[in-house]
1. Go through (1) within 9 Å of the ligand (Cβ to nearest atom); (2) assigned to a loop (DSSP other than H, G, I, E, B) one by one and return the number of the condition LYS126 breaks.
2. Would you call ARG77 without any contact (Cβ under 8 Å) to a residue 24 or more places away in the chain and either closer than 19 Å to ILE5 by Cβ or in a loop (DSSP other than H, G, I, E, B) (or both)?
3. Quick check, is VAL41 farther than 19 Å from THR3 by Cα and touching a Pro at 6+ places or on another chain (Cβ under 8 Å)?
4. I'd like the residue in region 54-74 that is more than 10 Å from the ligand (Cβ to nearest atom) and under 22 Å from VAL30 (Cα atoms) and, out of all such residues, is surrounded by the fewest Cβ atoms within 10 Å (Cβ to Cβ).
5. Just to be sure I understand the filter: pairs with C-beta atoms under 7 Å, separated by 6 or more residues or on different chains, first member in region 115-136 and closer than 15 Å to ILE5 by Cα and modelled with pLDDT of 95 or more, second member within 6 Å of the ligand (Cβ to nearest atom) and assigned to a helix (DSSP H, G or I). Which pairs pass?
6. Those residues that are within 13 Å of the ligand (Cβ to nearest atom), outside any helix (DSSP H, G or I) and of a type in the set (Val, Ile, Thr), I need them from region 84-104; list them, please.
7. For VAL99, which of the numbered conditions (1) surrounded by 18 or more Cβ atoms within 10 Å (Cβ to Cβ); (2) over 21 Å from GLU38 (Cα atoms); (3) in contact (Cβ under 8 Å) with a residue 60 or more places away in the chain fails to hold?
8. Count, please, the residues in region 29-53 that happen to be crowded, with 18+ Cβ neighbours inside 10 Å and among the hydrophobic types (A, V, I, L, M, F, W, C).
Amino acid sequence: MLTRIDHIGIACHDLDATAAFYRATYGFEVLHTEVNEEQGVREAMLRINGTDDGGASYIQLLEPVSADSPVGKWLARHGEGVHHIAFGTDDVDRDAEAVRGKGVRVLYDEPRRGSMGSRITFLHPKDCHGVLTEIVTAAPPGTAGEGSGH
Ligand code: MC0
């Protein structure tokens with residue numbers, strides 16, 4: 001069951017400058033940074049609040065590592081802005097299959113590695129009224145790399 005907004009992913013040209021904006025404007029601090037080569041991003045997670053299920057909600061800043069990555073292509077066409085939303089669940093495998101059964105294209109056969117050791121999959125934006133949608137199960141407490149990954 002999808003129980004929370006895990007994060008909102010925001011595409012940006014300069015991760016450090018964008019993080020500085022969020023810090024100076026709202027007081028949001030970067031909890032974690034890492035490079036995810038498979039996804040083609042350098043990313044920063046800004047924790048906004050805890051949630052009822054023990055999880056948390058984040059702003060995720062995404063800087064592409066190459067022009068032909070999903071975020072690089074998105075930036076070239078649309079410029080900076082909201083790239084995707086991610087719903088949190090305790091079981092991404094189960095919920096991805098449930099969504100697939102409703103005729104929505106799930107982009108991965110098996111969930112892949114996401115931020116802070118999470119397991120993630122994506123739903124095709126053309127099947128979701130134009131919104132690239134992610135489903136994510138956070139790593140169990142104590143197993144994720146909080147702090148700077150790379
Ligand atoms: C592309 N489209 C989008 C979109 N990206 N629509 C809404 N939101 C987005 N973010 C639309 C394009 O405008 C285009 O529509 C159509 O989809 C095809 O786009 P394309 O540029 O030709 O690209 P494709 O088809 O090669 O790839 C699109 C697809 C890809 C969504 C399949 O971007 C993908 O696999 N995304 C999932 C992975 C990802 O985004 N990783 C980066 C975040 P028109 O109408 O113009 O034809 S990594 C992350 O978030 C992590 C690490 C984490 O959360 O832990």
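The values are calculated or read from the model by the stated rules, or taken from the named source; none is laboratory data. Given the structure is predicted, the values throughout are model-derived calculations rather than measurements. Every residue, glycine among them, receives a Cβ derived from its backbone with ideal geometry; neighbour counts consider all protein chains shown.
1. Every condition holds for LYS126 apart from (2).
2. no
3. Numbers: farther than 19 Å from THR3 by Cα: yes; touching a Pro at 6+ places or on another chain (Cβ under 8 Å): yes.
Here the answer is yes, as VAL41 does meet what is asked.
4. To start, the set of residues in region 54-74 that are more than 10 Å from the ligand (Cβ to nearest atom) comprises 54-57, 59, 61, 63, 65-67.
Restricting the remaining residues to those that are under 22 Å from VAL30 (Cα atoms) gives 54-57, 59, 61, 63, 65.
Working: GLY54: 10, GLY55: 19, ALA56: 18, SER57: 17, ILE59: 19, LEU61: 28, GLU63: 23, VAL65: 16.
Ranking the candidates gives GLY54 first.
5. VAL131/PRO125; LEU132/PRO125
6. Correct list: ILE85, VAL104.
7. So VAL99 meets the others, but not (3).
8. 5
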